[in-house]
Structures are given as C-alpha cells and as structure tokens.
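Remarks on the structure that follows.
The values are calculated or read from the model by the stated rules, or taken from the named source; none is laboratory data. None of these values were measured; they are calculated from a predicted model. Ideal geometry is used to build each Cβ from the backbone, glycine not excepted, and the neighbour counts take in all protein chains shown. Calculation scope for accessible area: heavy atoms of the full protein, side chains included, ligands and nucleic acids excluded. Shrake-Rupley method; radii C 1.70, N 1.55, O 1.52, S 1.80 Å.
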Amino acid sequence: GLWSEALFRFEQAKLLEPGSVAVLNNLAICYEAGGRFEEALETYRQALEMAPANKAVKQNYSRFAEFYQG
C-alpha cells in the first residue's frame with residue numbers, strides 16, 4: 001500500500017541503474033498501481049526491449065496489457 005514511497009525509490013534507483021531490468025519492471029508496477037498507465041506501458045516495453053526473455057517482465061506486461069486493452 002506504500003506505492004508512492006515505492007515509486008519514489010524506484011525512480012531514484014533508475015537514475016542510479018538505468019539499465020536494470022528489475023528496476024524498470026518494479027517501476028512499471030508502481031506506475032500501474034498509481035493509475036499512471038501510459039508510463040507503465042512505456043516502462044514495461046523498455047524492460048522487454050532490454051530483456052525479451054525475462055519471465056517476470058513478460059508475465060507482468062502480459063497481465064497489464066490484458067487489463068489495459070480491456
């Protein structure tokens with residue numbers, strides 16, 4: 001339930017590690033939880049471009065895309 005705090009921390013982590021797929025995945029989840037769906041979509045796509053075989057990102061993106069398109 002502390003999505004604002006998590007979002008702040010993952011945005012800071014992205015500044016320190018912009019190439020981290022885990023950070024991008026978690027950041028996208030935070031955007032999604034906060035209703036920032038366009039940013040979530042873009043962030044999931046960035047993570048997928050960097051690591052197309054990453055199971056966690058693929059699962060989260062798939063679930064999100066299903067929700068987002070519906």
Inter-probe distance in nm under a simple model that places probes 7 Å from Cα toward Cβ, at ARG36 and ALA22: 2.2 nm
Quick one: net charge around GLU17, please, counting Lys, Arg +1 and Asp, Glu -1 for every other residue with C-beta under 14 Å from its C-beta. +1
Positive minus negative residues near ASN26 (Lys, Arg vs Asp, Glu; Cβ under 11 Å): 0
Can you put TYR31, TYR44, TYR68 in order of accessible area, largest first, using a 1.4 Å probe? TYR68, TYR31, TYR44
Please report the carbon-and-sulfur percent of the accessible area for the chain; probe 1.4 Å, protein heavy atoms only, DNA, RNA and ligands left out. 54 percent
For the chain, would you read off the P(r) tail past 15 Å as a percentage of all alpha carbon pairs? 46 percent
